[in-house]
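One structure below.
Nothing in this text is a laboratory measurement; each read-out follows from the coordinates by a stated rule. All values derive from a computational prediction rather than experimental measurement. Cβ sites come from the backbone with ideal geometry, for glycine too, and all protein chains shown count toward neighbours.
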Amino acid sequence: MVVNHSGDMGSIWSGKLRFLLAPRLYLLIFLFCPSATPLSFNFPSFNQDDDIANITLESVADINNGFLYLTRSAEDQPKGGTGRATYKQPFLLRQNATRKLADFTTTFTFSIYAPDDANLTWGAGDGLAFFLAPDGSELNSSNDDGFALGLPLYHRYPFVAVEFDIYKNVNESIPNTNETFDDPFESDDHVGIDVNTVKSLTTRPWNGSIIDGQNNDVRISYNSSTKNLSVAFTTFVKNGAKEMSYINHTVDLMKHVLPDRVIVGFSASTGNASAIFRIVSWNFTSTPLVDENARDNTPVSVPSAPAPSPMASSDPNSGNKGLVVGLGVGASIILVGGLALVCFIFWKKKETTDSDEDPIVGDATDDEFEQGTGPRKFLYGDLVRATGNFQEEEKLGQGGFGGVYKGFIKDLNSYVAVKRISKGSKQGVKEYATEVRIISRLRHRNLVQLIGWCHKKKELLLVYEFMPNGSLDSHLFKQKSLLTWEARYKIANGLASGLLYLHEGWEQCVLHRDIKSSNIMLDSNFNAKLGDFGLARLVDHGKQSQTTVLAGTMGYMAPECATTGKASKETDVYSFGIVALEIACGRKPIDVNMGRDQINIVEWVWKLYGEGRVVETADPKLCGDFDEKQVECLIIVGLWCAHPDYVMRPSIQQAIQVLNFEVPVPILPSKFPVATYFASAVSFSKFSDNNSGSSRGQSEPSTNGYSTYSSQFTTSSTTDS
């Protein structure tokens, strides 16, 4: 009885202690064991010993000599070969219940070798595909005859795929269905986007140079905001050179029947022929889940703690064992926590004794900054912690006066972009002060918001709202993703709206002086926000800037700037026109790699406008998927705003009216006009001589709109308004 009673009391106390410790233990699990992290991996090559642990190989797929082979040679597999390879770890594509969806990007290099063998009656076939499929899905046994690129037949399970097909289907039947389809091109080779069937939603011709087995490069990206699945891939032209080609389609992965958790991989089949399909390298990255209804500055939520197991222990001593483990863990936590508390108190005491002021800016400037209507002053230590001590991994870009870093401010519960001005840059100090004075007083949905600033220990820091989709130029020219026409037209309208606010909507006219695609940031919904106000100037309404220090970036600067040395609303409108043409045409304002009559975007587009072929200048990456009326409108507005004669340019208000189709598009001269300017007090020769001494070089591009950086050229006068 005594023994039993003692056991009962022990059980009671064990239960009480478990009750007290359980919440703390679950809190530890909550904090340190997240269950849904993004997936990221990189295979520069494939090693049989190491990589086979991470890759599931099916059917004839194999890793050999640094390559991932999906099918075998003609000797090993004469025809009908099929293979599949998937990364073993799945990733969380979405949470249907919470309406959250991830972005992903994959790049890979592959080759196809199909000897021109006369004995192979059917030639080369069938093709290769990159796919997303449900976790746990396998290669169909029905694919053993080499059909359908190794993708599932009979709707066995859902999938999304990008196919690289080397066999032309003519009135082809999809087995066990009533569906038939034809590939729409004369040549066999094409790229297509497939959803739940090998009958592609959209296709594009492709020359993969399969006989030679040359490497083909591919980049596939999915944007959960626009629901756009875009593919960039190399194709070979007649002289054997590579060029990029593009295809995209809207695929709403929130609506399609893929499950929340999916695997990624490759499949290939040879049909009634023979071909060797191999993957040379493979990189994949997914992002944290983002709420489709609230994408701006939303940090990733911490996943909930896993529930305790409902299974009771069969061991009568398990309660006491759990108690011992719990006490041990608890004691360790108390010890570590105590040391952390001591370190924190010491650090906090040291921080409070440090002066937070910087003599290069001073108290008077602080007082002036505080007159702004929103941004606040940050402690230097807070920004160091937010950016992980300005780690390179958190770097968003590098400009002429310093780097921009991603950070997380806890009390704001938001991600931010922190611009760190390089030490010793006098021009950087000047533009830091200018930016804070001006942008801190402005509020508009199409302007990048300044959240705060800091200057300490000769460090100058500006804190902005974080723009998840980066700068406009990264999408137009750096293949970050393919912007749909709908997104492009919205961006142009948003930029125009922001510029209208600067010119007409505030108590003074704000001349930006550096409007360009790298200074236009895109939020999570691809809304345009104009940034980088380091060169901006305030001018009374009805007056013109009197500055004689030229500022801006070559290609975006209005031609009269070189002779008048003055910025005005018209020079801002000119820059807007150049950006409008970039958005529509998908090319930079100056491109020396183009033909002689195509180097300057304005002259080239104007020439085709005069020939009635203006729509032909639309970005070829769009593959004709655009509203022709909107394309024509945006291009003509771009030419109108970029008119060489500033008196012929519209106001930004007039440009907006045309973009909104409130008034007809203007009729411009059929030939590129040449403006004539009166001689100015500014010496053009001195302008040319002094530009080498500028603190802003013209050859290095700005990396993003947070960075205060442009090409600045100094005239013979050094005064500035």
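Couple of notes before you dig in:
- Placing a pseudo-label 7 Å from each Cα along the Cα-to-Cβ vector at His541 and Asp591 gives an inter-label distance of 4.1 nm.
- Potential lengthening between Asn525 and Glu243 on full extension [0.36 nm per residue; Cα-Cα distance subtracted]: 98.5 nm
- Per-residue 3J(HN,Hα) values for segment 565-580, derived from phi via the Karplus relation 6.51 cos²θ - 1.76 cosθ + 1.60 with θ = phi - 60°, read x, 10, 9, 7, 4, 5, 6, 5, 5, 4, 4, 4, x, 5, 5, 4 Hz in sequence order (x marks Gly and Pro).
- The length gained on full extension between Leu668 and Glu507, counted as 0.36 nm times the residue separation minus their Cα-Cα distance, comes to 54.6 nm.
- Cβ-Cβ FRET estimate between Lys377 and Thr37, R0 fixed at 41 Å, reported to 0.05: 0.75
- Remark on Val280: its backbone amide H falls under 5 Å from those of Thr109, Phe110, Ser111, a criterion applied only to residues 5 or more positions apart or on other chains, H modelled at 1.01 Å from N.
- Distance in nm between pseudo-label sites at Phe661 and Ile599 (7 Å out along the Cβ direction from Cα): 3.9
- Summary of packing: across the peptides 59-68, 243-252, 610-619, 413-422, the per-residue average of other C-beta atoms within 10 Å ranks them, highest first, as 413-422, 59-68, 243-252, 610-619.
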